[in-house]
Amino acid sequence: MGLGNLPAEVAASSDAVARYAARNPDAPHRINIAEQGLAYDPAQRKVGITVVGAGMAGLLAAAMLRNQCDKVVEAAEELPNNHSAVLRFRSSVVADTLGIPFKKVKALKATEAWRNPIADAVAYSQKVTGIATARSILSANGAAERFIAPPDLVSRMAELVTAPIEYGSPFPFWIGDLPGPVISTIPMPILAKALNYPRLDKMDFRSRSGVNVIGVVPSVDLYASLYIPCPDSYAARISMTGSRVMIEVYGKGMDKLLKADQQGRTDFVRNCLRSLGIEEAEFFNVAVKEQQYAKILPIDEGERRRFIMWASERNIYSLGRFATWRPGLLLDDLVNDVRVIQRLIEDSGASYPHRKKD
Ligand SMILES: Cc1cc2nc3c(=O)[nH]c(=O)nc-3n(C[C@H](O)[C@H](O)[C@H](O)COP(=O)(O)OP(=O)(O)OC[C@H]3O[C@@H](n4cnc5c(N)ncnc54)[C@H](O)[C@@H]3O)c2cc1C
């Protein structure tokens, strides 16, 4: 199967690309996003797509598909902003697509040595996922180019959406006939259950909640992440993104931090900043946020793909880290996925039941 000029890592990881390639072996499906831009042309408007979920994936899809998207439905009562940290990306594709400037930086990564490289990798995995396996921190040390989103990325993405966003409006997947093509960004286990997916018992969904402690350190301008394998330390990863600190905590430390008073949280942040060499810095706006799906664990790849295919045959296209159950998926990866879903929907023709004559 020819994958055109699609980068190997995208071709390998993207379900949407795989599905598209399977159906259109000869089509050049690497899309020049920069050329397409986000132009909104009412004359081109086709009515039909419902985007479910106004998290980052849903907003990206609704912004990119502004000529096709009818509405966005979100269960929460307001823009959820589910991501409490400043976002970093591997490429500028999200910035280019949305027309929102990101900052290009060199970001440092290092692991705080505990025992030896293998023990450290296993201990880190145990701490973060609850499973003792060799995690990627073995290759985490060094500097890499990263693109940093502005802190208000989510609200700026919402401003780019021309379709109405209906809050407090859980999409009733369970009712039966869909109003048209649906792009679902809700977690795969929830969708599979709502649709009564017959192979649900074959999918062993496991995830871990976590706690993020965030704050602002005005005197610092640093892009760095420190991984901490030591099981006795509550912090698993300490990241500075410019002047914003984020500390990820899993397992036994979560409860302590959630119950800690402001002084306890402040002391915790001060100690973590010291680990990065930042002494005596003033910091503000310390907050503790819970993250339900802080880590998701892989499921059987065949089952995962089978469900995505099964749902798309029912006009439901899965998009996003939790919807496609791909740990480590970043927003960068979704830009191509949105374009491929767009092509799949267009190719399916009859999928626009409410298409109006423009
Ligand atoms: C510590 C940490 C750091 C991270 N750093 C990065 C990073 O630097 N870059 C990056 O790209 N990613 C990063 N991520 C990942 C990123 O946060 C997630 O991939 C992203 O938030 C997932 O967004 P989503 O839109 O796919 O899902 P969600 O944010 O979960 O959105 C789904 C939405 O659907 C809504 N919903 C659920 N059911 C229904 C229903 N029936 N009807 C309507 N609405 C419904 C929910 O309320 C929710 O708002 C990080 C994650 C963590 C934990």
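Quick notes
- Yes/no for Ile341 being within 26 Å of His83 (Cα to Cα), part of a loop (DSSP other than H, G, I, E, B) and modelled with pLDDT of 95 or more: no
- Test result for Ala235, touching a strand residue (DSSP E or B) at 6+ places or on another chain (Cβ under 7 Å) and not basic (Lys, Arg): yes
- Residue selected from region 158-186 under the condition in a helix (DSSP H, G or I) and without any contact (Cβ under 8 Å) to a residue 60 or more places away in the chain, by the criterion nearest to the ligand (Cβ to nearest atom): Trp174
- Contact map, region 313-332: first residue at pLDDT below 95, second residue of a type in the set (Asp, Glu) and near the ligand (Cβ under 10 Å from one of its atoms), Cβ cut-off under 6 Å, separation 6 or more or different chains; the map is empty.
- Scanning region 245-271 for residues that are of a type in the set (D, E, K, R) and either over 22 Å from Leu108 (Cβ atoms) or modelled with pLDDT under 95 (or both) gives Lys252, Asp255, Lys256, Lys259, Asp261, Arg265, Asp267.
- A Cβ distance below 8 Å, combined with a sequence gap of six or more or placement on separate chains, defines the contacts here; from region 205-230, residues that are without any contact (Cβ under 8 Å) to a residue 40 or more places away in the chain reach residues that are within 16 Å of the ligand (Cβ to nearest atom) in the pairs Asp221/Gly242.
- Within region 1-113, helices (runs of 4 or more DSSP H) holding 3 or more residues that are more than 19 Å from the chain's Cα centre (by Cα), at pLDDT 50 or above and within 16 Å of the ligand (Cβ to nearest atom): none
- Annotation: of all residues in region 187-236 being farther than 28 Å from Val73 by Cα, of a type in the set (Ser, Thr, Tyr) and outside any loop (DSSP other than H, G, I, E, B), the one that is nearest to the ligand (Cβ to nearest atom) is Ser225.
- For region 336-351, a residue qualifies if it is surrounded by 22 or more Cβ atoms within 10 Å (Cβ to Cβ), out of contact with any Phe, Trp or Tyr (no Cβ under 8 Å at 6 or more places or on another chain) and among the aliphatic types (A, V, I, L, M), and exactly one does: Val338.
The values are calculated or read from the model by the stated rules, or taken from the named source; none is laboratory data. Remember, it's a predicted structure, so these values are computed and weren't measured experimentally. So basically every Cβ, Gly included, is an ideal-geometry build from the backbone, and we count neighbours across all protein chains shown.
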